[in-house]
């Protein structure tokens, strides 16, 4: 399949494959790993617009951009049009390439603060938000949405049209309702309907767990690009596999050998320690990543039990080395000798 570059306003992505924003995951170290694997666009964690405006150090650090990861999008959430617009302006000044607004997160704390997917119930509010943000920034503006609030209110095509009318340069859609959260299947028919409704690029998201799924989404919906989120957890190699499959027609389904996986896990840990400046905090965050990296490997459950009990880099290295050494000699399980 011959893929055209994806243009979002004046920004051109050489490859139409995007890393989805994920809270607690898509920090700088993870974005750089995805970039190494050939992703076309990376995105920050979901950032509080109010936190940006009020100058929260943690929030601003989450939005930091490096030369190596460009182009980079930053996603903001909130419900006040003026605060969202001010946050967007501040992020533009920090050098962000694309600004994205979250209209899709189903998590309860977002909904309780009248942000994320709850806004799918308020088309007029979305119109005011997109208009306000568009008026304050020159960089490309995108929005990420769900199908709707529930099965009785599938309104993504309507919301997409509103976003386009108010100046959005592209739309990404995860075609599950807020009521579904992450259960059931993504309904790509809704994505196809959004593609038919607007003239701006549509990026499809949801259930992209393999290169074959990425191609299927492109062919069935006519969308301009694919966005991968949970499919990249513990598997940043999915981006190089998708790249190879879409551009060359084939890829290595085996993924990286154990030695490469081990090296990347340790490199990820070290990068996160450097980024946070706190070894214990970084190790605790990495526990979930270690679980994802070892999912499906022999002895993975015992490894994860052990890794969840430790808090220092030295202990992590010892456990990881022991785990992969046993894999190398064909041991079926990990555990005490």
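Throughout, read-outs are computed from the coordinates displayed, never taken from laboratory work. Since we're looking at a predicted model, the values are computed, not measured. Don't worry about glycine lacking a Cβ; one is built from the backbone with ideal geometry, like all the others, and counts go over all protein chains shown.
With each label point set 7 Å from Cα along the Cα-Cβ vector, what nm distance links residue 7 and residue 301?
Between residue 7 and residue 301, the simple spin-label model gives 5.3 nm.
Relative contact order (percent) for the chain, with alpha-carbon contacts under 8 angstrom and 6 or more residues of separation?
Reported as a whole number, the value is 13 percent.
Considering the chain as a Gaussian network with a 10 Å cut-off on Cα pairs, which listed residue, 130, 18, 317, attains the greatest mean-square fluctuation?
Ranking 130, 18, 317 by mean-square fluctuation puts 317 first.
Given points 7 Å out from each Cα along the Cα-Cβ axis, report the residue 310 to residue 58 separation in nanometres with one decimal.
Inter-label distance under the simple model: 2.7 nm.
Given C-alpha coordinates of the range 26-145, what is the ratio Rg to Rh with the Kirkwood estimate of Rh?
Looking at the range 26-145, the ratio lands at 0.96.
Could you give P(r) for the chain, binned at 10 Å from zero, as whole percent values over all Cα-Cα pairs?
That works out to 6, 26, 33, 24, 10, 2, 0, in percent per bin.
Got a sec? Which residues in the range 37-52 would a label at residue 182 touch, if it sits 7 Å along Cα→Cβ and we count backbone N under 20 Å?
42-48
Can you show me the helix-derived [θ] at 222 nm for the chain, built from DSSP H runs with n ≥ 4 at -39,500 (n - 2.57) apiece and divided by the number of residues, rounded to the nearest 500.
Estimated from H runs of four or more residues: -13500 deg cm²/dmol.
Given the chain, what percent of its DSSP beta bridges are antiparallel, to the nearest 5?
Looking only at bridges with both residues in the chain, the antiparallel portion is about 10 percent.
Which whole-number value in Å³ per residue fits the convex hull of the alpha carbons of the range 194-327?
128 Å³
With 18 Å as the cut-off, how large is the P(r) tail for the range 1-46, expressed as percent of Cα-Cα pairs?
Percent of Cα pairs beyond 18 Å in the range 1-46: 33.
Quick one: helix 211-221 against the long Cα principal axis of the chain, what's the angle to the nearest 10°, folded into 0 to 90?
In the chain, helix 211-221 runs at an angle near 10 degrees to the longest axis.
Taking the highest mean first, how do the peptides 262-272, 113-123 order by number of other beta carbon atoms within 10 angstrom per residue?
Going by the mean number of other Cβ atoms within 10 Å, highest first, we get 113-123, 262-272.
Please give the helix 81-93 orientation as an angle from the longest Cα principal axis of the chain, in degrees from 0 to 90, rounded to the nearest 10.
For 81-93 against the chain, the angle is about 60 degrees.
Helix 156-165: angle to the longest alpha-carbon principal axis of the chain, degrees 0 to 90, nearest 10?
60 degrees
State the Kirkwood hydrodynamic radius of the range 258-328 in Å, one decimal place, computed from all pairs of distinct Cα atoms.
Result for the range 258-328, one decimal place: 12.0 Å.
May I have the pair-distance distribution P(r) for the range 112-205, computed from all Cα-Cα distances with 5 Å bins from 0 and rounded to whole percent?
Whole-percent P(r) values from 0 Å outward: 3, 15, 27, 25, 19, 9, 3, 0.
How many percent of DSSP beta bridges within the range 94-213 run antiparallel, rounded to 5?
Percentage antiparallel, nearest 5: 5.
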